[in-house]
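The values are calculated or read from the model by the stated rules, or taken from the named source; none is laboratory data. Everything quoted here is computed from the prediction, not taken from an experiment. Methodologically, a virtual Cβ is constructed for each residue, glycine included, from the backbone with ideal geometry; neighbour enumeration extends over all protein chains shown. What goes into the accessible areas is simple: the full protein's heavy atoms, side chains included, and nothing from ligands, DNA or RNA. Shrake-Rupley method; radii C 1.70, N 1.55, O 1.52, S 1.80 Å.
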2 protein chains.
Amino acid sequence: MNYPVIETLLNHRSIREFTDQALTEAQVRLLVQCAQAASTSSFTQSYSIIGIDDPEIKKQLRPIAYNAPYVEHNGYFFVFVADQYRNRCIGKKMGVATDTLDTTQRLLVALGDAAFAAQNMAVAAESMGLGICYIGSIQNAIDRTAEILNLPEHTFPIFGMAVGYPAQNPEKKPRLPFDVIFHKNHYQHQIPAEKLSAYDQEVAHYYQTRQGNNRDETWTEEIARGLKAPARMQLKPFLDHQQLGKR
Amino acid sequence: MNYPVIETLLNHRSIREFTDQALTEAQVRLLVQCAQAASTSSFTQSYSIIGIDDPEIKKQLRPIAYNAPYVEHNGYFFVFVADQYRNRCIGKKMGVATDTLDTTQRLLVALGDAAFAAQNMAVAAESMGLGICYIGSIQNAIDRTAEILNLPEHTFPIFGMAVGYPAQNPEKKPRLPFDVIFHKNHYQHQIPAEKLSAYDQEVAHYYQTRQGNNRDETWTEEIARGLKAPARMQLKPFLDHQQLGKR
């Protein structure tokens, strides 16, 4: 067994404060190479990676993403894009109809391909002593994100990833108990109540005792709080506009 | 730098033939633990993993997935599920409204969480000497898959993953050139034609010379062929029925 891999995976925590040190071009190329090595549905490779080192563009993205400082200050910033535009270009060049690109299947495949690639990059980065943080909040103003990145039709920016040398060493966040996330042979409709209750105490303790941003909240309280308002309601009209997932 | 991780990532190839050796429960637990260590949007952990060792269930899933033998014959079979049902149960228990679970944002978050977890599992498995193959084709008859797995509303089975000890050692499939997948600071609307053309030759050579299932086709020809018919047109109505991504 190749323990360094397991150790890298289990040691993950998101990093939200980086040193000023920029990634080298060789590091960026290796990260992208590792991302590309992931599985891709039907070999379509339906995603793109935008690599951002221009401080001006990072500064433009930051206010979209809750004004998080680490969107602007990091070693490098990547945006993962579900991409059927490349396939459309190829279809047009090859003289075949491309109207099948607007299906839900095509959207899901592109989302999956991009996410597999991104997670490979995250693992590679952490193995190189770098830290990462996914930035889903670039979708908070998706039209503006698409405008900044000059995205064409048939593309969809799913998340950013801030990468860099960690300037913090946060605690690991406890995950749900095995029996809550895992279902044997069939989906178990009943959440194991005792396991969830023990986990609530574990998360409450984590929030009370971690280095900063302390609060009193269990995991189920946090989930319930998140249910109050619908979020990012411009995503569906944006996908429609991009000709993705229409049918 | 932690080379074993990079090596594991770059050495990926999908495995479609496994020995009869089943995974142990300890292996399954370690794989799930590694999957769970991945990032999760807003700490919601909006996915479930169904672990299948019942030969009867594997046999039922196989005809849905192009009758692929490795869906039935493997060391273990996992299904990754985008899951907002758990959040609904918690919301109900906590006495808050749960109607915000039907948004596109909630669907995308669950798809991402599940994909990050799955890719971590894939990497962990390969580091343990196991092979994996994603099985997107469990969506070919999504109603039937949901029925077999007893899935409730607010869940969506995204893909399976066959895991086991490899009984084959296939060639690595070449990936798109860096300059085709990677865009510097902004999306580049023009595909670098020479790079793509060289890649077409590389893929054609791969298909001509690999161990089995040889054919004459470039990558752009394969992409164009895939554009001909819309696929899995029941996905959108199924998502609607599951109360996912409705608005």
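Assorted remarks:
- The residues of the stretch B:11-32 that are within 7 Å of chain A (Cβ to nearest Cβ) and open to solvent by 40 Å² or more (accessible area, probe 1.4 Å) amount to a single one, B:ARG29.
- Taken over the stretch B:43-67, residues that are of a type outside the set (Val, Ile, Thr), open to solvent by 10 Å² or more (accessible area, probe 1.4 Å) and assigned to a loop (DSSP other than H, G, I, E, B) amount to 4.
- Residue in the stretch B:188-210 that is open to solvent by less than 30 Å² (accessible area, probe 1.4 Å), outside any helix (DSSP H, G or I) and outside the structural domain of B:ALA82 (by TED's automatic domain parsing) present: no
- Residue among B:ASP200, B:ASP216, B:ASP240 that alone is modelled with pLDDT of 95 or more and in contact with a helix residue (DSSP H, G or I) (Cβ under 6 Å, 6 or more places away or on another chain): B:ASP200
- Qualifying residue in the stretch A:54-69 (condition: among the hydroxyl-bearing types (Ser, Thr, Tyr) and facing another protein chain (nearest Cβ under 9 Å)): no
- Test for A:ALA114: is it closer than 19 Å to B:ALA231 by Cβ, more than 9 Å from chain B (Cβ to nearest Cβ), open to solvent by less than 40 Å² (accessible area, probe 1.4 Å) and touching a strand residue (DSSP E or B) at 6+ places or on another chain (Cβ under 7 Å): no
- Residue list for the stretch B:71-91, restricted to those being out of contact with any helix residue (DSSP H, G or I) (no Cβ under 7 Å at 6 or more places or on another chain), surrounded by fewer than 21 Cβ atoms within 10 Å (Cβ to Cβ) and more than 11 Å from chain A (Cβ to nearest Cβ): B:HIS73
- Any pair with Cβ under 8 angstrom, 6 or more apart, that starts in the stretch A:196-222 at a residue that is under 16 Å from B:SER42 (Cα atoms) and ends at one that is of a type in the set (Lys, Arg): A:TYR206/A:LYS173; A:TYR207/A:ARG215; A:GLU217/A:ARG225; A:THR220/B:LYS93
- Subset of the stretch A:226-247 (residues that are basic (Lys, Arg), on the phi < 0 side of the Ramachandran plot and surrounded by 12 or more Cβ atoms within 10 Å (Cβ to Cβ)): A:LYS236, A:LYS246, A:ARG247
- Breaking point among (1) touching a Cys at 6+ places or on another chain (Cβ under 6 Å); (2) facing chain A (nearest Cβ under 7 Å); (3) of a type in the set (A, V, I, L, M, F, W, C), for B:ALA162: (2)
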